[in-house]
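The structure under discussion appears below in the form of structure tokens.
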Amino acid sequence: MSQPVRIAMWSGPRNISTAMMRAWSNRADSFVVDEPFYAYYLRATGKQHPGADEVMASGETDWEKVIVRLTGPIPNSKRIFFQKQMAHHLLPEVDREWLGAVTNCFLIRDPREVIASYIKKREDPALPDLGFTQQAEIFDFVRTRTKSIPPVIDARDVLGNPERMLRLLCEAVGVGFSDSMLSWPPGLRETDGVWAKHWYGEVAKTTSFRPYRPSEVKVPLHLREIHDRCCEFYERLYEYRLC
């Protein structure tokens with residue numbers, strides 16, 4: 001691999017995206033960035049997320065400047081730039097053309113499990129808060145622009161067999177697999193967003209991908225319609241998952 005690789009992994013909230021960021025950050029050849037559009041998203045939407053003021057004060061709120069960073073030189077002279085992206089942070093006014101300068105891939109998770117986890121932090125999400133519609137929109141844009149199907153991986157598959165799925169993902173994005181992706185030291189990182197103390201409590205305890213455990217939590221009645229809409233978009237991408 002002689003050329004730098006910029007990997008934008010588009011996820012939604014309450015997925016295994018932070019554990020995935022840990023896997024990539026544990027490679028000697030990689031630099032990671034954590035949700036680079038988050039400060040812009042909070043400023044633009046006025047969403048009252050935990051620690052919102054601190055996020056906006058510490059992050060870049062101009063989306064054009066964020067894109068310059070994501071498509072510019074890779075920090076610390078690394079070969080791989082892994083970008084943990086939340087699909088719902090890419091608001092409609094953000095130009096999509098920059099997506100052609102990165103290798104896009106998608107991390108999906110069963111909507112029931114996403115909602116069950118999300119409502120532990122915020123009780124009443126709206127459809128756009130969960131990222132499924134935005135994932136599908138970005139997927140369609142990338143697919144049309146590249147005339148190819150971008151890589152999709154499902155969280156359950158990763159937890160069921162991390163090495164196999166990471167090997168498939170690395171092959172799909174054009175980098176060699178490294179065993180270092182399978183485990184990492186516990187704790188928070190300098191590369192974590194300032195919101196880590198609000199959201200990353202569980203992943204900070206981990207040293208590897210935890211085995212998949214089915215959730216028995218049911219979707220609350222008032223979120224059933226949102227759940228069904230999320231399933232429509234999830235199933236569209238699930239059809240293309242690496243397996």
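The values are calculated or read from the model by the stated rules, or taken from the named source; none is laboratory data. What you are looking at is a predicted structure, and each value in this text was computed from that prediction instead of being measured. Positions of Cβ are generated from backbone atoms using ideal geometry, with glycine treated the same way; all protein chains shown enter the neighbour counts. When the accessible area is computed, the model is the full protein with side chains, heavy atoms only, and any ligands, DNA or RNA have been set aside. Shrake-Rupley method; radii C 1.70, N 1.55, O 1.52, S 1.80 Å.
So in the range 95-121, with the set limited to residues that are charged (D, E, K, R) and open to solvent by 20 Å² or more (accessible area, probe 1.4 Å), which one is nearest to Asp62 (Cα to Cα)? I'd like the intermediate steps shown before the answer.
First pass over the range 95-121, keeping only residues charged (D, E, K, R): 95-97, 109-110, 112-113, 120-121.
In the following step, the residues that additionally are open to solvent by 20 Å² or more (accessible area, probe 1.4 Å) were identified as 95-97, 109-110, 112, 120-121.
Working: Asp95: 12, Arg96: 15, Glu97: 16, Arg109: 29, Asp110: 32, Arg112: 33, Lys120: 30, Lys121: 27 Å.
Among those that are charged (D, E, K, R) and open to solvent by 20 Å² or more (accessible area, probe 1.4 Å), it is Asp95.
Among the residues of the range 212-234 satisfying the criterion of being open to solvent by less than 100 Å² (accessible area, probe 1.4 Å), at pLDDT below 95 and within 20 Å of Ser17 (Cα to Cα), which is nearest to the chain's Cα centre (by Cα)?
The extreme case among them is Tyr212.
Mind telling me which of the residues Ala126, Ala172 ends up being closer than 21 Å to Phe81 by Cα and surrounded by fewer than 19 Cβ atoms within 10 Å (Cβ to Cβ)?
Numbers: Ala126 fails: closer than 21 Å to Phe81 by Cα.
Within the list Ala126, Ala172, the selection yields Ala172.
So, in the range 22-51, how many residues would count as being closer than 28 Å to Arg122 by Cβ and at pLDDT 95 or above?
Narrowing the range 22-51 to residues closer than 28 Å to Arg122 by Cβ: 22-25, 32-51.
Those left that are additionally at pLDDT 95 or above: 22-25, 32-46.
Of the residues in that region, 19 qualify.
Among the residues of the range 50-58, are any surrounded by 17 or more Cβ atoms within 10 Å (Cβ to Cβ), within 29 Å of Ser180 (Cβ to Cβ) and under 19 Å from the mean Cα position of the chain (by Cα)?
no
If you check Thr61 against the conditions, is it more than 27 Å from Val175 (Cβ to Cβ) and open to solvent by 10 Å² or more (accessible area, probe 1.4 Å)? Spell out how you get there, then give the answer.
Details: more than 27 Å from Val175 (Cβ to Cβ): yes; open to solvent by 10 Å² or more (accessible area, probe 1.4 Å): yes.
Yes.
Do we have any residue at all in the range 43-66 that's within 25 Å of Ile149 (Cβ to Cβ) and not small (Gly, Ala, Ser)? Reasoning before the result, please.
Filtering the range 43-66 for residues within 25 Å of Ile149 (Cβ to Cβ) gives none.
Scanning the range 43-66, I find no residue that is within 25 Å of Ile149 (Cβ to Cβ) and not small (Gly, Ala, Ser), so the answer is no.
Out of the residues in the range 190-201 meeting the condition of being over 21 Å from Ala8 (Cβ atoms) and part of a helix (DSSP H, G or I), tell me which one is least open to solvent (accessible area, probe 1.4 Å).
Per the stated criteria, the residue is His198.
Looking at the range 141-154, is at least one residue open to solvent by 10 Å² or more (accessible area, probe 1.4 Å) and on the phi > 0 side of the Ramachandran plot?
Yes: the range 141-154 contains one or more residues that are open to solvent by 10 Å² or more (accessible area, probe 1.4 Å) and on the phi > 0 side of the Ramachandran plot.
Looking at (1) assigned to a helix (DSSP H, G or I); (2) touching a Lys or Arg at 6+ places or on another chain (Cβ under 9 Å); (3) open to solvent by less than 30 Å² (accessible area, probe 1.4 Å), can you tell me which one Gly187 breaks?
Status for Gly187: all satisfied but (1).
Suppose we filter Leu91, Leu159, Leu166 for residues that are surrounded by fewer than 18 Cβ atoms within 10 Å (Cβ to Cβ) and either closer than 21 Å to Leu182 by Cβ or of a type in the set (Lys, Arg) (or both); which single one remains? Can you show your working first?
Working: Leu91 fails: either closer than 21 Å to Leu182 by Cβ or of a type in the set (Lys, Arg) (or both); Leu166 fails: surrounded by fewer than 18 Cβ atoms within 10 Å (Cβ to Cβ).
Going through Leu91, Leu159, Leu166 in turn, just one is surrounded by fewer than 18 Cβ atoms within 10 Å (Cβ to Cβ) and either closer than 21 Å to Leu182 by Cβ or of a type in the set (Lys, Arg) (or both): Leu159.
Out of curiosity, is Asp179 loosely packed, with under 12 Cβ neighbours inside 10 Å and either touching a Phe, Trp or Tyr at 6+ places or on another chain (Cβ under 9 Å) or at pLDDT 95 or above (or both)? Steps first, answer last, please.
Numbers: loosely packed, with under 12 Cβ neighbours inside 10 Å: yes; either touching a Phe, Trp or Tyr at 6+ places or on another chain (Cβ under 9 Å) or at pLDDT 95 or above (or both): yes.
For Asp179, the condition - loosely packed, with under 12 Cβ neighbours inside 10 Å and either touching a Phe, Trp or Tyr at 6+ places or on another chain (Cβ under 9 Å) or at pLDDT 95 or above (or both) - is met.
Which of the following residues is β-branched (Val, Ile, Thr) and in contact (Cβ under 8 Å) with a residue 60 or more places away in the chain: Ile119, Ile67? Talk me through it step by step, then tell me what you get.
Working: Ile67 fails: in contact (Cβ under 8 Å) with a residue 60 or more places away in the chain.
Matching residue, one of Ile119, Ile67: Ile119.
Within the range 171-193, is there a residue that is touching a Cys at 6+ places or on another chain (Cβ under 8 Å) and without any contact (Cβ under 8 Å) to a residue 24 or more places away in the chain?
Looking through the range 171-193, at least one residue is touching a Cys at 6+ places or on another chain (Cβ under 8 Å) and without any contact (Cβ under 8 Å) to a residue 24 or more places away in the chain.
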